[in-house]
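What follows is one structure encoded as structure tokens, with my remarks underneath.
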Amino acid sequence: MSGFTDGNGTGLAPGEIVVDHASRAFSIRADRGGTLKELLLRRRSAGPAPIQALDDVSLRITPGQTVGIVGRNGAGKSSTLKVLAGIVPLDSGSVTIGGRIVSLLELGAGFGRDFSGRENILLGGALHGLNRPEIEARMDDIIAFSELGDFIDVPVKTYSSGMYVRLGFAISAHLDADVLLIDEVLAVGDEAFQRKCEAQIARQVAAGATLVLVSHDAALIERTCERVVVLDGGTVVFDGDSGPGMAYYHHQMGTPVEAAPATASAPASAPTGTPDP
Ligand SMILES: Nc1ncnc2c1ncn2[C@@H]1O[C@H](COP(=O)(O)OP(=O)(O)OP(=O)(O)O)[C@@H](O)[C@H]1O
Ligand SMILES: [Mg+2]
């Protein structure tokens with residue numbers, strides 16, 4: 001679930017992100033099996049067109065900035081974070097990030113399922129470039145933060161979704177991130193843990209970390225992010241302050257004005273803010 005890249009040598013300041021005309025398409029196949037005749041007939045058809053998950057996305061994020069990425073399902077939010085995390089390669093364009101990247105993306109990704117929570121802390125720390133004494137020095141804090149109790153010594157394959165997030169967040173919170181990439185996963189934690197994570201993210205931001213947060217929780221984005229990027233069909237349709245950004249998003253979603261949070265007073269006719277050219 002968590003990842004780490006040391007982006008030193010990029011020529012950028014720690015926490016700086018430059019995405020330059022980034023594009024990435026996915027081809028999709030329908031693996032339905034079927035009879036030999038069906039397979040032969042299908043081979044002759046062209047198949048579905050590739051999906052353009054990211055379509056010429058350019059972003060420049062300064063160190064310490066807090067950026068929320070929002071948009072409808074399939075808009076390209078997770079793909080953007082995976083590209084930033086270096087998990088998904090680009091077809092064209094480039095992504096350059098200064099400093100240490102710590103990511104919390106898919107639930108359970110990056111864990112050894114047969115290893116205990118404690119072993120995964122060792123494994124994760126090593127994968128993230130920490131040596132054994134550095135990991136050992138943080139072990140107690142990580143375990144305490146996770147509040148996993150005795151579960152820390154059982155294989156993580158027995159964990160609930162929330163327990164995966166607890167372990168993943170506890171590890172990533174102790175990796176001294178310059179850039180923190182978080183995709184939705186926090187929503188899986190219970191209310192108390194979500195509050196604790198939010199406070200921890202705020203501490204990391206106060207210490208100078210850059211935050212890129214994907215969430216469908218509008219209130220969380222408004223509390224946490226100064227800047228909002230709205231994606232649609234893999235392209236940036238809005239990039240600006242979070243107030244107008246969330247108004248744009250609510251308008252796009254057709255959210256009634258009275259149902260939208262107070263700061264996001266979307267006009268009835270046209271979205272506020274400046275759509276990205
Ligand atoms: N590995 C993949 N293989 C094929 N298509 C993919 C893959 N990953 C993403 N896509 C496609 O790329 C598009 C963008 O997906 P992405 O996961 O980035 O959306 P999202 O904005 O995160 O959506 P959601 O709000 O549902 O999480 C979607 O159409 C999706 O089907
Ligand atoms: Mg997603």
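The values are calculated or read from the model by the stated rules, or taken from the named source; none is laboratory data. This structure is a prediction, so every number in the text was calculated from the model and none was measured. In this analysis, Cβ positions are derived from the backbone assuming ideal geometry, glycine residues included, and neighbour counts consider all displayed protein chains. We work out accessible area using only protein heavy atoms, side chains counted, and drop any ligands, DNA or RNA first. Shrake-Rupley method; radii C 1.70, N 1.55, O 1.52, S 1.80 Å.
Of all residue pairs spaced 6 or more apart or on separate chains, those with beta-carbon atoms under 9 Å, a first member in the stretch 83-94 that is in contact (Cβ under 8 Å) with a residue 24 or more places away in the chain and under 19 Å from Val212 (Cα atoms) and a second member that is surrounded by fewer than 16 Cβ atoms within 10 Å (Cβ to Cβ) and among the charged types (D, E, K, R) are Ser94/Asp20. Among the residues of the stretch 205-224, some residue qualifies, meaning at least one is open to solvent by 10 Å² or more (accessible area, probe 1.4 Å), within 16 Å of ligand 2 (Cβ to nearest atom) and not aliphatic (A, V, I, L, M). Just to be sure, is Ala22 under 24 Å from Val179 (Cα atoms), at pLDDT 95 or above, within 16 Å of ligand 2 (Cβ to nearest atom) and open to solvent by less than 40 Å² (accessible area, probe 1.4 Å)? In short, no.
Residue pairs whose Cβ atoms lie under 7 Å apart, separated by 6 or more positions or on different chains, with the first residue in the stretch 156-169 and polar (S, T, N, Q) and the second outside any loop (DSSP other than H, G, I, E, B), are Ser161/Val188.
A count restricted to the stretch 184-221 and to residues that are in contact with a Pro (Cβ under 7 Å, 6 or more places away or on another chain) and among the basic types (Lys, Arg) stands at 0. Can we say Ala137 is crowded, with 17+ Cβ neighbours inside 10 Å, modelled with pLDDT of 90 or more and either within 16 Å of ligand 1 (Cβ to nearest atom) or over 20 Å from Val154 (Cβ atoms) (or both)? In short, no.
Quick one: would you say Phe115 is open to solvent by 50 Å² or more (accessible area, probe 1.4 Å), in contact with a Gly (Cβ under 8 Å, 6 or more places away or on another chain) and free of Cβ contacts under 8 Å to residues at least 60 places away in the same chain? Walk me through how you get there before you give the answer.
Details: open to solvent by 50 Å² or more (accessible area, probe 1.4 Å): yes; in contact with a Gly (Cβ under 8 Å, 6 or more places away or on another chain): no; free of Cβ contacts under 8 Å to residues at least 60 places away in the same chain: yes.
So Phe115 fails the test.
Taking (1) open to solvent by 50 Å² or more (accessible area, probe 1.4 Å); (2) at pLDDT below 90; (3) more than 16 Å from ligand 1 (Cβ to nearest atom) in turn, Phe151 satisfies each apart from (2).
Quick grid of which residues meet (1) open to solvent by less than 80 Å² (accessible area, probe 1.4 Å); (2) part of a strand (DSSP E or B); (3) over 20 Å from Leu105 (Cα atoms); (4) at pLDDT 95 or above:
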| position | (1), (2), (3), (4) |
| --- | --- |
| Arg43 | no, no, yes, no |
| Gly47 | yes, no, yes, no |
| Leu54 | yes, yes, no, yes |
| Ser58 | yes, yes, yes, yes |
| Gly68 | yes, yes, no, yes |
| Ala75 | yes, no, no, yes |
| Thr80 | yes, no, no, yes |
